[in-house]
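Laboratory data are not the source of any read-out in this text; all were calculated from the coordinates shown. This is a predicted model, so every value here is computed, not measured. For neighbour counting, all protein chains shown are included, and Cβ atoms are generated from backbone atoms with ideal geometry for every residue, glycine included.
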Amino acid sequence: MKARFKEFNSKKFSFHNDPVLVLEDFWSKEDRDIFQAAMDKCEWKRRSEIPEVSGTFPGCGDWSKAEIAQSEASFLLDRVTLPCIPDFIESFPRIKQRHMSFSYYSYGVGDCLSTHDDIGEQYAGTQKPKQVDEGGRERSQQPFSALRRIAMVCYLHNEWDHDWGGELIIYDNRKGKDGQRRLEVSYCLEPKPGSIVFFTVPRFHRVCRVDPLANDHQRLSIGGWFMTEHFP
Ligand SMILES: [Fe+2]
């Protein structure tokens, strides 16, 4: 579903009934200013400079990624953990631990992300993502085997024009009459400033290439997952 945040009732929404949630005007200008100021101080790495992911998504440009500092991670988790998220996460059996992993991303002209479903190591490579607990505190970087349950992306730039590309496309994976599975577009979402998107994983999606018409404008986002680790 798609709604303005102030009109959204999380208690009436369930990811079991609707796997995609789009909320507009989730972050105010003041909220975005906080993240943008933090992003200015970050140590950004280009995709090509991250050995674990440099070989993934060939031809997808050279977007940048940065870690979120603890204070902004706490602010983020305070705000994004809507009641419908634990309702979904806790519905899985034999949970040993909950994990979250979020990062800043910056896409400029020519950057995109080809179709994938957030399952497997293709996207994450072999890196151990920065993990934070429910209070936003950084966890030790112990290896773990967690399943991504809900993906989240939100947009923090101040301006985005229809012609600048960078849309998030989310697909339905439908079985046709011939028994073959086909992807059909279910959502095409412009990266509207202040909006946030959640969807259950696995789910095929991609980020459209940022158009040269965007010039120097960067598509600034936070992306990542709510995950669960399970007892054997
Ligand atoms: Fe993804």
Problem set entry | Kirkwood hydrodynamic radius of the chain, Cα pairs, Å | 18.3
For this session: Mind checking the full-extension length gain between residue 229 and residue 216? Use 0.36 nm per residue of separation minus the Cα-Cα distance, one decimal, nm.
Result: 0.7 nm
Problem set entry | 10 Å binning of all Cα-Cα separations within segment 151-196, expressed as whole percents from 0 upward | 25, 39, 21, 13, 2
Seminar exercise, completed: Across segment 2-230, qualifying lysine pairs (alpha carbons under 20 Å, at least 8 places apart or different chains) come out at 17
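Please sort 71-79, 203-211, 149-157 by packing, taking for each peptide the average over its residues of neighbouring beta carbons within 10 angstrom, highest first. Mind showing how you got there, number by number?
On the way: 71-79: 16.8, 203-211: 20.4, 149-157: 22.6.
Peptide ranking by packing, descending: 149-157, 203-211, 71-79.
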Seminar exercise, completed: Given unit charges at Cβ for Lys, Arg (+) and Asp, Glu (-), the dipole magnitude of the chain about its Cα centre in debye, nearest 20, is 880
